[in-house]
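Worksheet: the structure to be examined is printed underneath.
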Amino acid sequence: MQYHRVVVVALAATVALSACGQGGGPKGPPPLNVDVASATRQNIATYISLDGQIAPLEQSSLAFQQSGTISSINVNVGDQVSAGQVLARIDSSVLQAQYAQASAQARGASIGLPVQSQQNNAALTTARAALANAKLVYDQNLALFKQGYVSQATLESARSAYVQAQNSYANAQVGLKSTDVSAEGVKAAQAAANTLATQIGQTTLTAPFSGVITARLLDPGAYAGPQAPVLSISRVDTVWINLNVPDEDLSYVKPGSHVTFSSSSLPGKSFSATIATVNAVPTQGTLSYLARVSMPNPGDVLRGGMLVTATLPQQAHEHAIVVPRTAVAQTDKGNAVYVVGADNKAKEVPVRVGIQTDTLSEIIGSAVQPGTKVVTTRPDALKDGCLVAVNGAAPQPSGSPAATGGKTQ
């Protein structure tokens, strides 16, 4: 029985050795074929992808502030216009006639006003002096009458003159007030003329900013008014990139965040910018937030309505140790990689994994350094200490240490 137990153990050892190619030599089993890659030091990052759409920086529907028949429209769709440029006009002949009449009335009312004002002021001054003199005479005669030096008739004459001077002064004050009323009338007439001048100015439609005409909604001869837009204008020398940010990605999108985007309408082109604003509340009825990018648009390459796909960094590490993602194996003890040494044996090395992309994994720790060769395709039979043959590598001489599994000196 002891003999049979020894034989079984020996057979098990032989199978284990042959399964991973250990002890390979001229008579032993061949080493396991594997692919390897060298660990590198490089930047690694993950990204989020956002959908969005291009919109003009400014856009406006233009309507006249006054109502009337359109007499001319000077632009068409696609025309570039400058801020303040006259775009259209409505017939202002009625307002022009009303303005001429109001201006004439204001001028006529103001012609005699200075003379009338001077006359009324002079009359008030004269009446004031006459009243003071009449009061002085009356007071003197009253004192003398009490002393018996003047007659009753003289006193009554002085009182009558004093009362008449009071009445004259009151009339002069009324005349001066009538001058003020006339001045207010002149102001009202001038205000009416100014109002008509403003209304005439509102019969002209001008560009509020430099941009391109995107719609022409009415033609000459049509009746226009404040509720009937005539033209639409958009500013596209700079555009907004409006991005929809899902709630779970909101923490990665902030004002100043770097973003790159592209559009299927512009194949082969990519653009870079920074986030300008992020809305504080979600879009109504959704859990998406609006982020906006202000993007200069020389040559008007970016057009309103274009759909875009934008990418932003999610996590990023610089100068990280990176291996292909397929090199990381899941073991009972956690993550590990198989390192191929100079003896062509695979060594299982426990590792801690950092950032992972679709194709790369960051390795944290000192076990793997730039240049370390790691196995990227693992046969099922690969175990710690197995002899391996790297696919594509030059064959080793039969007597070399690597070929026999020995160590180099």
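Cα to Cα, under 18 Å, and not fewer than 8 places away if on the same chain: which aspartates and glutamates meet these conditions relative to residue 383?
Answer for residue 383, where 18 Å is the Cα cut-off: 35, 332, 343, 348, listed by chain and number.
For the stretch 243-305, with only Lys/Arg (+1) and Asp/Glu (-1) charged at the beta-carbon, what is the dipole magnitude about the Cα centre, in debye rounded to 20? Please list the in-between numbers first.
Values: 4 positive and 4 negative charges, 44 e Å.
It works out to roughly 220 debye.
Could you state the number of Å between the C-alpha centres of the stretch 24-98 and the stretch 189-230?
Cα centroid to Cα centroid, the span is 30 Å.
Since every read-out is calculated from the coordinates, none of them should be taken as a lab result. Fair warning: this is a prediction, and the values are worked out from it, not measured in the lab. When we count neighbours, we look across all protein chains shown, and the Cβ atoms used for this are built from the backbone with ideal geometry, even at glycine.
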